[in-house]
1. Identify the residue in region 267-315 that is under 12 Å from the mean Cα position of the chain (by Cα) and hydroxyl-bearing (Ser, Thr, Tyr) and, among all such residues, is most open to solvent (accessible area, probe 1.4 Å).
2. Going through ARG108, ARG90, ARG79, ARG65 one at a time, which residue ends up being within 25 Å of LEU195 (Cα to Cα) and either touching a Gly at 6+ places or on another chain (Cβ under 7 Å) or open to solvent by 20 Å² or more (accessible area, probe 1.4 Å) (or both)?
3. Among the residues of region 157-179, how many are out of contact with any helix residue (DSSP H, G or I) (no Cβ under 8 Å at 6 or more places or on another chain), of a type outside the set (Val, Ile, Thr) and crowded, with 19+ Cβ neighbours inside 10 Å?
4. Being open to solvent by less than 60 Å² (accessible area, probe 1.4 Å) and either in contact with a helix residue (DSSP H, G or I) (Cβ under 7 Å, 6 or more places away or on another chain) or at pLDDT below 55 (or both) is the requirement here; does THR5 meet it?
5. Tell me, which residue of region 43-62 that is of a type outside the set (Gly, Ala, Ser) and touching a helix residue (DSSP H, G or I) at 6+ places or on another chain (Cβ under 8 Å) is most open to solvent (accessible area, probe 1.4 Å)?
6. Are any of the residues in region 251-264 over 30 Å from ALA204 (Cβ atoms), open to solvent by 30 Å² or more (accessible area, probe 1.4 Å) and either in contact with a Pro (Cβ under 9 Å, 6 or more places away or on another chain) or of a type outside the set (D, E, K, R) (or both)?
7. Residue check: is PHE288 aromatic (Phe, Trp, Tyr), under 22 Å from GLU75 (Cα atoms) and not in a strand (DSSP E or B)?
Amino acid sequence: MTLKTFRPLPLTLAIAILTLVACLPAEARAQSCCAASQTAGPVRLSLSETAALGLSLDARVYTGRFAGPDYRRLEHPSREFRQTLFGAMRLGESWQVGATLPLIENHRRTLDDAEWGAGLGDLALQARYEFVATGMSMRLPGLAIAATTTLPTGRSPAQSLARGQSHLLADVSGTGLWEVGAGPQAEWIFGKAFLASEVGVYKAFSASGTGSKSLRWTGRLSFGRPIPLPLFWDEALYLAASANISHGGASYQGGSPIPETLERATSLSVQAGAYLSENTYLMLRATFDLPFDHTGHARQIGPGAGLLLKRVFHD
């Protein structure tokens, strides 16, 4: 990759928002523990919330791919659109459970052809146990462990080939594999600002055991804070910026992982959210995968944007 193929606007936007978050005064009334919870995904509940239901709308343009560790820009970008239904609820004081189910539409192009396809995605179930609730201790950060199980409810590449209706595999909407994983979460509060970290380790396998993958791990580091803005219900706008990495998941052949199938991506994301009313939360977000050699491996990448709207229920 040469620098002249890199479009810096999303990266510049992420840096600008991160700088804004760090420099703004700290008079916001809203608690930073609420802001910290929003970076952990749609089914994460804040301290005062007992349940949530919502819809996430996301769009992504795959503008490049990694051939091994080397980045190459795609001449014919593909697009992906997701509409994800989600829900979450508390079970007692320490447990949270949730689920997400996406509907996926793909638009894929080649030099000579273009194709649309769609299908139901993979259902994911989440559970979270809090050892220390964020913001409840003056000495300890918020500490929790989160677990995820993903069910192969989407259409896999093998099922798409057998179906025979999409020669560009645009109707692929799932991996065809079960996946289980878990990892710790920690959230520190510094006045009105927060710092959150999360690590997850996952194992994917087929029901027959013949299509397993090596371990995949993910990491996230987020920083943010609420800023005062009387326009919204609680007079606060919640800002955050995150660095994310996903690594691993190589397929097996003859009992050994195939290095060429290992996937990796490194991304930056920013988000801004607000309570439009006591029970309605709206969030906008943007994600940018780093298009540099060795920041990814054997994976298509590109910028994405999304909108999340959820109905929350309180004690």
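The values are calculated or read from the model by the stated rules, or taken from the named source; none is laboratory data. Being a predicted model, the structure only gives us computed values, none of them experimental. A quick note on method: Cβ atoms are made from the backbone with ideal geometry, for glycine too, and the neighbour counts reach across all protein chains shown. Ligands, DNA and RNA are excluded from the accessible area calculation, which covers all protein heavy atoms including side chains. Shrake-Rupley method; radii C 1.70, N 1.55, O 1.52, S 1.80 Å.
1. Filtering region 267-315 for residues that are under 12 Å from the mean Cα position of the chain (by Cα) and hydroxyl-bearing (Ser, Thr, Tyr), the one most open to solvent (accessible area, probe 1.4 Å) comes out as THR287.
2. On the way: ARG108 fails: within 25 Å of LEU195 (Cα to Cα); ARG79 fails: within 25 Å of LEU195 (Cα to Cα); ARG65 fails: within 25 Å of LEU195 (Cα to Cα).
Selected residue: ARG90, the only one of ARG108, ARG90, ARG79, ARG65 that is within 25 Å of LEU195 (Cα to Cα) and either touching a Gly at 6+ places or on another chain (Cβ under 7 Å) or open to solvent by 20 Å² or more (accessible area, probe 1.4 Å) (or both).
3. As a first pass, look at region 157-179 and keep what is out of contact with any helix residue (DSSP H, G or I) (no Cβ under 8 Å at 6 or more places or on another chain): 157-165, 167-168, 170, 173-175, 177-179.
If we keep only those that are of a type outside the set (Val, Ile, Thr) too, we end up with 157-165, 167-168, 170, 173-174, 177-179.
Pick out the ones that are also crowded, with 19+ Cβ neighbours inside 10 Å and you get 160, 170, 173-174, 177, 179.
Of the residues in that region, 6 qualify.
4. Values: open to solvent by less than 60 Å² (accessible area, probe 1.4 Å): yes; either in contact with a helix residue (DSSP H, G or I) (Cβ under 7 Å, 6 or more places away or on another chain) or at pLDDT below 55 (or both): yes.
Considered against the rule, which asks whether it is open to solvent by less than 60 Å² (accessible area, probe 1.4 Å) and either in contact with a helix residue (DSSP H, G or I) (Cβ under 7 Å, 6 or more places away or on another chain) or at pLDDT below 55 (or both), THR5 comes out as yes.
5. It comes out as LEU47.
6. Of region 251-264, the ones over 30 Å from ALA204 (Cβ atoms) are none.
No, there is no match, as no residue in region 251-264 is over 30 Å from ALA204 (Cβ atoms), open to solvent by 30 Å² or more (accessible area, probe 1.4 Å) and either in contact with a Pro (Cβ under 9 Å, 6 or more places away or on another chain) or of a type outside the set (D, E, K, R) (or both).
7. On the way: aromatic (Phe, Trp, Tyr): yes; under 22 Å from GLU75 (Cα atoms): yes; not in a strand (DSSP E or B): no.
Considered against the rule, which asks whether it is aromatic (Phe, Trp, Tyr), under 22 Å from GLU75 (Cα atoms) and not in a strand (DSSP E or B), PHE288 comes out as no.
Residues checked against (1) touching a strand residue (DSSP E or B) at 6+ places or on another chain (Cβ under 8 Å); (2) under 20 Å from HIS167 (Cα atoms):
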| position | (1), (2) |
| --- | --- |
| LEU91 | yes, no |
| GLY98 | yes, no |
| LEU103 | yes, no |
| ASP112 | no, yes |
| GLY117 | yes, yes |
| MET136 | yes, no |
